[in-house]
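The values are calculated or read from the model by the stated rules, or taken from the named source; none is laboratory data. No experiment lies behind these values; they were computed from the predicted model shown. Positions of Cβ are backbone-derived with ideal geometry, glycine not excepted, and every protein chain shown enters the neighbour counts.
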Amino acid sequence: MIQRPRNLRSSPLLRALVRETTLAPSNFIQPLFVRPGKNERRPIKSMPGNFQLSVDQLVKEGKRTRDAGVPAVILFGIPEKKDARASSGTDPDGIIPRAVKALKDGVPGLLVATDVCLCEYTDHGHCGIVEGHRIANDASLPVLAAMAAAHAKAGADLVAPSDMMDGRVAAIRARLDETGFADTPIMAYSAKYASAFYGPFRDAAESPPKFGDRATYQMDPANALEALREVELDLAEGADIVMVKPALPYLDVIRRVKDRFQRPTAAYCVSGEFSMVKAAGAAGWLDEKRAALEILTSIRRAGADLIVTYWATEAAGWLK
Ligand code: PBG
């Protein structure tokens, strides 16, 4: 007898009935960029549809995100000033604390996560404190911890360290616990690769390193066992959610992390993954909507519970 898998593909309703993977706005986190000023909405050229927003405009965008059914945003800050020690990043009145307060006051029902990393606040653009030409691991930890505490104090629902320094989850967890934020969860960028796909983001956050690259702290794209070790360490240090980043070139890593640890797993579909599809769509080379939904579905199929994606709000509209 001939086997007929096609029988369950014969209509949209039948296909939906046996679909294995679901994709819903409730799985999405929308990244947003906040800058100083008033009434600013500066288009990010390399990421069509994304903007550097002043706090007042951020609140508007936050409402739009929430009203589309997306439960959370993750904030990236462009500060007034940068220095060697990332002082503007640990300032309790810095750009991110101001943005968090405004969103928590102005947009009820929206979770606010914050990216915790030094690169947006350092004049050299590295994710840690620089000593000579080295990125000094242990000197970076108290600065990261102070940044996370400033975000939590402003009301952040979730802090997300993306720096890739060793021991930073433990340092942040300890500081949060000591300062009255034992209940603030940590989403760790655990397996963050040194990737070409961050290119457009560096434009958006104005954070490219002024010398060298990030290969001494971000992971080698060739390694998967090392990703499992990074995830294991972050979980042992107290991470509540672990993340793999980028997503599409690392679907195998997402699957292995999910299978091995069975913990809440996030994937970050990064700027380059977004912009290449946007560009191809604009050129008429593929259908952006279909390609985006296929990519996001593949990330869920690989095992991600949540997806950080620049398509969040737009895709929520598509999925209605
Ligand atoms: C900061 C940070 C980066 C991204 C998220 N947090 C840039 C980098 O590591 O160079 C990339 C996000 C994206 O490309 O969408 N460390």
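General observations
- Looking only at the range 25-64, and only at residues there that are within 20 Å of the chain's Cα centre (by Cα) and exposed (fewer than 12 other Cβ atoms within 10 Å of the Cβ), the one that is nearest to the ligand (Cβ to nearest atom): Lys45
- Test: residue in the range 174-188 that is without any contact (Cβ under 8 Å) to a residue 40 or more places away in the chain, over 26 Å from Glu40 (Cβ atoms) and under 20 Å from the mean Cα position of the chain (by Cα): yes
- Among the residues listed as Val308, Val277, Val253, the single one being assigned to a strand (DSSP E or B) and under 28 Å from Ile44 (Cβ atoms): Val308
- Taking (1) touching a helix residue (DSSP H, G or I) at 6+ places or on another chain (Cβ under 6 Å); (2) surrounded by fewer than 20 Cβ atoms within 10 Å (Cβ to Cβ); (3) in a helix (DSSP H, G or I) in turn, Val231 satisfies each apart from (2).
- The range 177-225, subset farther than 24 Å from Leu251 by Cβ and among the hydroxyl-bearing types (Ser, Thr, Tyr), residue farthest from the ligand (Cβ to nearest atom): Thr179
- Test: Val70 is surrounded by fewer than 21 Cβ atoms within 10 Å (Cβ to Cβ) and either of a type in the set (Val, Ile, Thr) or more than 30 Å from Arg301 (Cβ to Cβ) (or both): no
- Qualifying positions in the range 151-168 - part of a helix (DSSP H, G or I) and within 15 Å of the ligand (Cβ to nearest atom): His151, Arg168
- Within the range 121-130, the set of residues being within 11 Å of the ligand (Cβ to nearest atom) and surrounded by fewer than 24 Cβ atoms within 10 Å (Cβ to Cβ) comprises Gly125 only.
- Residue match in the range 218-231 (condition: over 23 Å from Gly128 (Cα atoms), polar (S, T, N, Q) and free of Cβ contacts under 8 Å to residues at least 40 places away in the same chain): no
- Residues of the range 191-228 classified as among the small types (Gly, Ala, Ser) and part of a helix (DSSP H, G or I), total: 5
- Within this structure, Glu288 passes the test of being more than 12 Å from the ligand (Cβ to nearest atom) and within 25 Å of Gly49 (Cβ to Cβ).
- When residues of the range 234-250 are limited to those that are part of a helix (DSSP H, G or I) and among the acidic types (Asp, Glu), the one farthest from Ile307 (Cα to Cα): Glu237
- Checked against the criterion of being surrounded by fewer than 16 Cβ atoms within 10 Å (Cβ to Cβ) and touching a Lys or Arg at 6+ places or on another chain (Cβ under 8 Å), the range 205-215 has at least one qualifying residue.
- Exactly one residue out of Val270, Val257 is farther than 26 Å from Lys60 by Cα and either basic (Lys, Arg) or in contact with a helix residue (DSSP H, G or I) (Cβ under 9 Å, 6 or more places away or on another chain) (or both), and it is Val257.
Residue-by-condition table, conditions (1) farther than 23 Å from Cys269 by Cβ; (2) in contact with a Phe, Trp or Tyr (Cβ under 9 Å, 6 or more places away or on another chain); (3) modelled with pLDDT under 95:
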position	(1), (2), (3)
Lys60	yes, no, no
Arg64	no, no, no
Val73	no, no, no
Ser88	yes, yes, no
Val100	yes, no, no
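Each row is one residue, and each column tells you yes or no for (1) within 15 Å of the ligand (Cβ to nearest atom); (2) within 30 Å of Gly69 (Cβ to Cβ); (3) surrounded by fewer than 22 Cβ atoms within 10 Å (Cβ to Cβ); (4) aromatic (Phe, Trp, Tyr).
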{"position": "Lys104", "(1), (2), (3), (4)": "no, yes, yes, no"}
{"position": "Pro108", "(1), (2), (3), (4)": "no, yes, yes, no"}
{"position": "Asp138", "(1), (2), (3), (4)": "no, no, yes, no"}
{"position": "Val143", "(1), (2), (3), (4)": "yes, no, no, no"}
{"position": "Ala149", "(1), (2), (3), (4)": "no, no, no, no"}
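- Filtering the range 266-285 to residues that are within 12 Å of the ligand (Cβ to nearest atom), buried (at least 17 other Cβ atoms within 10 Å of the Cβ) and more than 25 Å from Pro185 (Cβ to Cβ) leaves Gly272, Glu273, Phe274, Ser275.
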